[in-house]
Amino acid sequence: VGIGHNVMKTVTSGDYNVAIGHGAMDALTTGQYNVAIGGDSPLGALDAGLRNIAIGNNAVLQPDGENDNIGIGSDTLAGAINGGEKNIAIGTSAGIVHTTGDNCVFLGFEAGHDNTTGENNVYLGTYAGDRGIGGSNNVCIGHEADLTANDISHAITIGYNLQSSSNKFSFGKSGDVV
């Protein structure tokens with residue numbers, strides 16, 4: 001089902017897709033079981049991917065053949081996804097530049113903002129994990145809960161305006177870390 005200007009304009013054999021909004025799934029050819037709702041090309045570069053959901057302007061903007069990504073909100077997972085699968089981003093600009101990492105969850109305004117290649121990360125809260133460019137296996141929960149540097153891995157940060165480094169667990173608030 002396609003509703004809108006330039007919606008699913010290149011479909012050849014893709015089945016069970018729903019696209020609503022200007023340019024939704026405009027590059028789709030064979031992908032199946034995808035949903036795109038919003039303007040400015042949600043799932044715009046998707047060609048052959050399966051089971052992707054994009055709701056919002058520029059949501060999950062540039063995947064080509066990736067599977068199982070969910071972006072809800074403007075500019076979620078809007079980077080040039082090249083291999084990144086099984087990711088969830090909810091909130092404006094959550095995971096906006098995410099590209100190759102798998103199995104990440106970004107929940108909150110700009111959560112995981114700079115995460116590009118990191119895998120198995122969970123960032124919950126406004127600006128949570130926005131420094132984690134390539135680190136993997138991290139958990140940041142709370143407003144501005146973050147990592148101390150770009151490629152930190154195996155860190156857990158729980159609290160307000162707090163940071164953690166590799167193989168460390170930090171909780172509390174900035175200036176009062178336990």
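For the pair residue 160 and residue 173, how long in nm is the line joining their label points, each one 7 Å along Cα→Cβ?
Each label point is offset 7 Å from its Cα along the Cβ direction, giving 0.3 nm.
At 1.4 Å probe size, with every protein chain present, just tell me what the per residue accessible area of the chain comes to in Å².
Spelled out: the 1.4 Å probe surface of the chain, per residue, equals 42 Å².
At a Cα cut-off below 13 Å, give the aspartates and glutamates reachable from residue 173, other chains included and same-chain residues fewer than 8 away excluded.
Once the sequence-local aspartates and glutamates are set aside, what remains near residue 173 is 144, 146.
Could you give the length gained by full extension between residue 64 and residue 15, i.e. 0.36 nm per residue of separation minus their alpha carbon distance, to one decimal place?
Full extension from residue 64 to residue 15 adds 16.0 nm.
Just need the relative contact order of the chain here, percent rounded to a whole number, with Cα pairs under 8 Å and 6+ apart.
Answer for the chain is 9 percent.
Between residue 150 and residue 33, what FRET efficiency follows from the Cβ-Cβ distance if R0 is 45 Å, with the result rounded to 0.05?
0.80
Using a Gaussian network model on the chain with a 10 Å cutoff between Cα atoms, which of 29, 12, 126 fluctuates the most?
Among 29, 12, 126, the largest mean-square fluctuation in the Gaussian network model of the chain belongs to 12.
Give me the percent of the accessible area of the chain that comes from carbon and sulfur atoms, probe 1.4 Å, all protein chains in place.
Carbon and sulfur together cover 55 percent of it.
To the nearest 20 Debye, how big is the dipole of the chain about its Cα centre, given +1 on the beta carbon of each Lys and Arg and -1 on that of each Asp and Glu?
In total the dipole reaches around 240 debye.
Only sites in a loop by DSSP and with at most 13 other Cβ atoms within 10 Å count here; which chymotrypsin sites (Phe, Trp or Tyr not before Pro) in segment 95-129 make the cut?
Filter output for segment 95-129: empty list.
The values are calculated or read from the model by the stated rules, or taken from the named source; none is laboratory data. Being a predicted model, the structure only gives us computed values, none of them experimental. So basically every Cβ, Gly included, is an ideal-geometry build from the backbone, and we count neighbours across all protein chains shown. Heads up: the accessible areas ignore ligands, DNA and RNA and are worked out on the full protein's heavy atoms, side chains in. Shrake-Rupley method; radii C 1.70, N 1.55, O 1.52, S 1.80 Å.
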